[in-house]
Amino acid sequence: MTVKTVATTPFEGQRPGTSGLRKKVRVFQQPHYLENFVQSIFDCLDDFSGRILVVGGDGRFHNRVAVQTILKMAAANGWGRVLVGQGGILSTPAASCVIRARGAFGGLILSASHNPGGPDGDFGIKYNTGNGGPAPERVTEAIHDRSRVLDRYRTLEADDIDIDHPGRHLLGGTIIEVIDPVAEYAALMENLFDFDAIRALFAGGFSMRFDAMNAVTGPYARAILEERLGAPAGTVMNGTPLEDFGGGHPDPNLVHAHDLVAALSGAGSPDFGAASDGDGDRNMILGRDFYVTPSDSLAVLAANATLCPGYAKGLAGIARSMPTSGAADRVAKKLGIPCYETPTGWKFFGSLLDAGRVTLCGEESFGTGSDHVREKDGLWAVLMWLNVLARRRESVAAIVKAHWAEYGRTYYSRHDYEGVDADAAHGLMERLRGLSLTGTRLAGRDVALFDDFAYTDPVDGSTSAHQGIRVVFADGARIVYRLSGTGTEGATLRVYIERFEPDASAQDTDPQIALADLIRAAGDLAEIKARTGRAEPTVIT
Ligand code: VG1
Ligand code: CO
């Protein structure tokens, strides 16, 4: 086996501010493309010789090819040991768990999350640091700068490694260890939650459906829910990871997880439903005929956290992304703990978690997690709900409605306009940025604050600007506009709308109706129809 240095040309890698490289599979199939990115990462790291690298992905098309490329490059670049999930599989939270549990230097996670897979779909790769979390901006910026001047990469001429069976191989001077992708993650879950109580819940006839959406969480959910917790076979739907996710869109929301939504409708349907996304870091929570918004889920879990052994001592604090509703803030207030508002993206929670300032974190985009790893964690959220349900023995709807009665309800909705013309979307945001609305009236309300959200990390002082345009009303209602950083076609405009309703007798309205005037005002203010040509959003969650 010989180390080969291959000449290459600089390329425009990961866009700064995004937490990975996410492109069409066809782009990744170009010669040297993945290699350039991987070498750019390796070139930016401190000395990792002899250290551990974790590698795995969500099993989508191109995952296996990419794993082999990375193993050879890792060996040629002097890593001591590479831990790779069997079959090239590791959910994003499981990868974070393994990085932490094994004291790895870092990890490469292969996924485009909830984006469709297959030869015409998307692929992605990101680097996580030794704390198990996505690399912070100063690292991703260094990687980006490096990729623009890169002129060679190192690889090894060698046969492919058998990644389908657990075992050890020597590749050059590097040990390649193929590991069970589930074991360490399942052990961590067992430490956090009351598995006996959940087992008793299932034994008593409680029924649930977990929709793995033909993506990575199937093996994890089967091993934990069906094998360890005694849920009947068939509890896990779409449980075999497929390279194209069965042609579906592995995004756990009301639109894409329609099989699950249908399964949870009507008398006699299961008590509890949940779904996760392509790489296993998102979750959607349903009761019978009842949808829990991710913002409410964070608030309910925070309010009930001490029912779970791993959180019995209480929470240090809560963090939510800026567009996530204020529901969790009111729980934090009642608990007398801090609540932080961060920009969108899990990487911003990392420093707060590392500093021990927060225990629970959440995003409106179906992401919830805690200090147990440094990624959001779909199955973790499902198990936390199960633990709460096992202890409270009430329905999902009853728990959420009681929560609203106590804390007030935040009506919330996100409207996405996907695949719009990029220039039109940027023009729309630019024009909004130029407005000055503080002190004016809109939708019959006083505008208390109008700005483009900027964040200073309270731990390390790093700053991030232009994180979303906020219209905050004096009564607490809010409209937020952002452009997605994860799409691969055109631009996606996200509009987030919320309003607080403290009156328990007025908490039973459909959010689209309860928010109708704000939704209209949001469209008018941004001239959405005129500028994008879209009369309606593509996805409403
Ligand atoms: C979206 C979500 C954001 C999430 C990100 C990654 O980003 O809005 O909350 O952190 O996806 O999620 P954007 O920029 O498209 O709005 V995933 O499941 O890729 O790890
Ligand atoms: Co994801």
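In percent, how large is the relative contact order of the chain, given Cα pairs closer than 8 Å and 6 or more residues apart?
Working: 1254 pairs, mean separation 70.4, N = 541.
This gives 13 percent for the chain.
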Rounded accessible area of PHE500 (nearest 10 Å², 1.4 Å probe): 70
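Local charge sum around GLN507 (other residues, Cβ-Cβ under 10 Å, Lys/Arg +1, Asp/Glu -1)? Before the final figure, lay out the partial values.
Working: positive: LYS401, ARG409; negative: GLU501, ASP503, ASP508.
It works out to a net charge of -1.
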Rounded accessible area of HIS466 (nearest 10 Å², 1.4 Å probe): 120
In nm, spacing of pseudo-spin labels at ALA398 and ALA312 (7 Å Cα→C-beta vector): 2.5
With at most 14 neighbouring Cβ atoms within 10 Å, loop GluC sites (Glu not before Pro) (DSSP) excluded, longest segment of the chain: 13-393
Per residue solvent-accessible surface (Å²) - the chain, probe of 1.4 Å: 36
For the chain, size of Cβ-based charge dipole, Lys and Arg +1, Asp and Glu -1, in debye: 600
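Shape of region 239-348 from its Cα gyration tensor (a ≥ b ≥ c, root eigenvalues): rounded if a/c is under 1.5, otherwise prolate when a/b > b/c, or oblate? It would help to have the intermediate numbers written out before the result.
Numbers: a/c = 2.19, a/b = 1.58, b/c = 1.39.
It is prolate, given that a/c is not under 1.5 and a/b is the larger ratio.
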Most to least accessible of SER484, SER297 (protein chains only, probe 1.4 Å): SER484, SER297
Interchain or long-range residues, amide H under 5 Å from TYR340's placed H: ILE318, ALA319, ARG320
Amide hydrogen neighbours beyond the local backbone of GLY278, cut-off 5 Å, H modeled: HIS114
Heavy atoms of LEU435 accessible to a 1.4 Å probe, total area in Å² rounded to 10: 50
Sequence of THR293, THR456 when ordered by accessible area, the most exposed leading, probe 1.4 angstrom: THR456, THR293
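What does the helix-only formula give at 222 nm for the chain: each DSSP H stretch with n ≥ 4 adding -39500 (n - 2.57), the total divided by the residues, and the result rounded to the nearest 500 deg cm²/dmol?
Details: 18 runs with 169 residues, N = 541.
The helix contribution divided over the chain gives -9000 deg cm²/dmol.
Ranked from the most accessible area to the least, with a 1.4 Å probe and all protein chains present, what is the order of ASP271, ASP524? Write down the numbers at each step before the final one.
Values: ASP271 50, ASP524 110 Å².
The residues order as ASP524, ASP271, largest area first.
With both partners inside region 185-407, how many of the DSSP beta bridges are antiparallel, as a percent to the nearest 5? Numbers along the way, then the final one.
Details: 13 of 26 bridges.
Antiparallel bridges make up about 50 percent of those DSSP assigns within region 185-407.
For the chain, what % of the accessible area comes from carbon and sulfur atoms, probe 1.4 Å? Walk me through the numbers before you get to the answer.
Values: 9480 of 19490 Å².
Taking all protein chains in place, the chain shows 49 percent carbon and sulfur surface.
What does the net charge come to around SER462 if you take all other residues with beta carbon closer than 14 Å to its beta carbon, with K and R at +1 and D and E at -1? Present the calculation step by step, with values, prior to reporting the outcome.
On the way: positive: ARG138, LYS347; negative: GLU137, GLU141, ASP354, ASP457, ASP460.
Local charge sum for SER462: -3.
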Listed residues GLY248, ILE540, PRO343: farthest to the positive end of the dipole of the chain (Cβ charges): PRO343
For region 84-148 versus region 251-312, the gap between their alpha-carbon centres in whole angstrom: 25
Alpha carbon centroid spacing (whole Å) that separates region 371-436 from region 462-532: 13
Amide H within-cut-off set for VAL236, under 5 Å, with H built and near neighbours excluded: PHE210
Karplus (6.51, -1.76, 1.60) ³J(HN,Hα), θ = phi - 60°, over region 146-154, in Hz, Gly and Pro reported as x: 5, 4, 7, 10, 4, 10, 6, 9, 10
In Hz, Karplus ³J(HN,Hα) per residue of region 311-316 (6.51, -1.76, 1.60; θ = phi - 60°; x = Gly, Pro): 10, 4, 7, x, 9, 6
Percent of beta bridges antiparallel (DSSP, the chain, rounded to nearest 5): 70
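Where Lys and Arg each count +1 and Asp and Glu each count -1, what net charge lies around GLY419 among other residues with Cβ under 12 Å from its Cβ?
Values: positive: ARG534; negative: ASP416, GLU418, ASP421, GLU489.
For residues surrounding GLY419, the net value is -3.
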Distance between modelled label sites at ASP46 and HIS32, nm, 7 Å Cα→Cβ extension: 3.2
Under Karplus coefficients 6.51, -1.76 and 1.60, residue-wise ³J(HN,Hα) of region 378-392 in Hz, glycine/proline x: x, 5, 4, 5, 5, 5, 5, 4, 4, 4, 5, 5, 5, 7, 8
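The values are calculated or read from the model by the stated rules, or taken from the named source; none is laboratory data. These figures come from a predicted structure and were not determined experimentally. No Cβ is skipped: glycine too gets one built from the backbone with ideal geometry, and neighbour counts run over all protein chains shown. Surface areas here come from the heavy atoms of the whole protein model, side chains and all, with no ligands, DNA or RNA. Shrake-Rupley method; radii C 1.70, N 1.55, O 1.52, S 1.80 Å.
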